[in-house]
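Okay, structure first, notes after.
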Amino acid sequence: MHLLRGFALVLFVLTWAHVHADDEEHYADGEHDSEFDHRAFLGDREDAAMHDLPPEEAKARLKKIIVGRVDTNHDGFVDKQELTDQVLRSLRETNYEFAKDVFVRADTDKDGLLTWDEYVRDNYGEFDLAELENDKSEDNVELKKLYQDEEKKWKIADANGDGKLTLEEYQAFSQPEDFDRTRSAELDRIMADYDRNGDGTITFKEFLLDALNKDEEHQVALKEQFDRDYDKNHDGVLDRDELRQWALPTPEETASGEAQHLLEIADLDHDGKLSIDEILRSHDAFAGSQATNYGEDLHKIKDEL
């Protein structure tokens, strides 16, 4: 039981932390997920604070953030670069706080360093690798592979090789796309997971093997997305760089993609930049409020009915 509980926790952490700069993140069950945009633009803490405010107060706070933090050249407009810079700051702040929370919780002896044993106890629970060797069930086979992959990544993130991670090293471990020394190794792992015939590319058939939804309609949609968004040179397969752009985008790429998404929503006069008025008229794309909470709750109630 401890092993399975630990496995579920690890998968949750990895899924939560992994961010793609594509349409998958902006849509949930076919509907636009504005909450993703709120977190990306404001960061988790500021987004949470906005949700406690009445709509007019939320708008006023958003305007203050735009004027004081986002419009860095003070020309009264926000261009794509300024949007990108804001999203990048928020992304890095959120990633840091998330990594710090896990690090502090797992560092049970409070020495400011995280050992592999501390990490395993916090994320996997009671763990016995020898037990996994004898149990060939599908869950345990996956858990064993995850454990071994993470152990390899731990050693790469451990820059000074002392077997313990500082907070910065733990960030390299938990968010490998953000750090040069772990990005390449993580890309190797992902390529090996998908590239079943070992030819250094990923066919759509290989890409589809890990899809959770196997129905025909979903497969057709995935094929369209594969051809349109992922296979950049349209040769029918994903090479290493195409895989990296899809599965392991850099923070800068993620921020640029989100900035373009926000620009497309709010740029009402199509001049390539946003006025304060345009942002406030499209404020629901940038920030939530008590009204947003009410709408989300009402939507949930209708779904339950």
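The values are calculated or read from the model by the stated rules, or taken from the named source; none is laboratory data. Not measured: the values here are computed from a predicted model. All Cβ positions, even for glycine, are placed from backbone atoms using ideal geometry, and neighbour counts span all protein chains on display. We work out accessible area using only protein heavy atoms, side chains counted, and drop any ligands, DNA or RNA first. Shrake-Rupley method; radii C 1.70, N 1.55, O 1.52, S 1.80 Å.
Projecting the Cα positions of 167, 182, 156 onto the charge dipole of region 148-193 (unit charges on Cβ atoms of Lys, Arg, Asp and Glu, taken about the Cα centre) puts 156 furthest along the positive direction. Applying both filters, DSSP loop and at most 15 other Cβ atoms within 10 Å, to the trypsin sites (Lys or Arg not before Pro) of region 211-253 gives 214, 232. Site pair residue 227 and residue 35 shows an inter-label distance of 3.4 nm when each label is modelled 7 Å from Cα along Cα→Cβ.
With the whole protein complex present, residue 84 retains an accessible surface near 20 Å², based on a 1.4 Å probe. Maximal additional length on extending the residue 160-residue 271 stretch stands at 35.0 nm, based on 0.36 nm per residue less the C-alpha distance.
So what does log10 I(q)/I(0) come out to for region 196-270 at q = 0.16 Å⁻¹, using the Debye formula with one equal point on every Cα and no solvent? Each listed q corresponds, in turn, to -0.72.
Rolling a 1.4 Å probe over the protein heavy atoms gives region 174-243 an accessible area of 57 Å² per residue. In this label model, residue 89 and residue 250 are separated by 2.1 nm, measuring between points 7 Å along each Cα→Cβ vector. Restricting the trypsin sites (Lys or Arg not before Pro) of region 126-170 to loop positions (DSSP other than H, G, I, E, B) with no more than 10 neighbouring Cβ atoms within 10 Å leaves 136.
Full extension of the chain segment joining residue 260 with residue 210 gains 15.1 nm, where the gain is 0.36 nm per residue of separation less the Cα-Cα distance. Annotation: peptides 247-254, 183-190, ranked by per-residue average of other Cβ atoms within 10 Å with the highest first, follow the order 247-254, 183-190. Based on protein heavy atoms only, region 26-136 ends up with 54 Å² per residue of surface accessible to a 1.4 Å probe. Rounded to the nearest 0.05, the FRET efficiency derived from the C-beta distance between residue 129 and residue 45 at R0 = 51 Å is 0.85. Which of 100/144; 80/145; 100/145; 100/273 have a Cα-Cα distance over 30 Å? In this structure, 80/145; 100/273 exceed 30 Å between Cα atoms. Spacing of the modelled spin labels on residue 105 and residue 81, each 7 Å from Cα toward Cβ, amounts to 4.0 nm.
In a fully extended conformation the segment linking residue 185 and residue 281 would gain 30.2 nm over its present Cα-Cα distance, using 0.36 nm per residue. Sparsely packed loop sites in region 206-264 (the chymotrypsin sites (Phe, Trp or Tyr not before Pro) outside DSSP H, G, I, E and B with at most 13 other Cβ atoms within 10 Å) do not occur. Counting only protein heavy atoms and a probe of 1.4 Å, the accessible surface of region 49-158 is 51% carbon and sulfur. Distance from the alpha carbon centroid of region 225-258 to that of region 138-169 works out to 26 angstrom. Rolling a 1.4 Å probe over the protein chains gives residue 51 an accessible area of about 20 Å².
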